[in-house]
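Quick notes on the structure that follows.
The values are calculated or read from the model by the stated rules, or taken from the named source; none is laboratory data. None of these values were measured; they are calculated from a predicted model. All Cβ positions, glycine included, derive from the backbone under ideal geometry; neighbour counts span all protein chains shown. These area figures cover heavy atoms from the full protein model, side chains too; ligands, DNA and RNA do not enter into them. Shrake-Rupley method; radii C 1.70, N 1.55, O 1.52, S 1.80 Å.
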Amino acid sequence: MQIKLQYPFRNAAGQLIDTLEIRRLTRGDLKAADRHSKNAAEQEDFLFAKMTGLTMEDLDLLDIVDNKALQESFRTLLGIGGDIQEG
C-alpha cells in the first residue's frame, strides 16, 4: 500500500519524502508499541514509524493532511474504515 503525500517534505537526512510505503503491522509490533510507552499517542507514533519506515522525528514533519491519510490507512489495516490506494 502507498500514500502519495499532498505535502512532501525533506527528512533529517535531506531526502525528499513524497510517498509513504505502508506495510502491515504484526502482533510483535503491537507488543513493541506497548513496551515503548503506555501513552496512546506515543504508541500510535511508534506504530506509524513501523508502518512507514520513517523515524518518529520524521513523522513530526508530516503535514496534518498527510497525517490524517496515515491515520486512515492505520484504521483500514485494522479493518475499521479509511480509504487508501493500493500500490
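See the values below:
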item	result
Cα→Cβ-extended label distance, 7 Å offset, between R27 and T76, nm	2.6 nm
The chain: radius of gyration over Cα atoms, expressed as a fraction of 2.2 N^0.38 Å	1.04
Amide H contacts of F9 (H built 1.01 Å from N, under 5 Å, at least 5 apart or other chain)	I17
Carbon + sulfur, % of accessible area of the range 8-87 - ligands and nucleic acids excluded, 1.4 Å	50 percent
Rounded to the nearest 20 debye, dipole of the chain from Cβ charges on Lys, Arg, Asp, Glu	360 debye
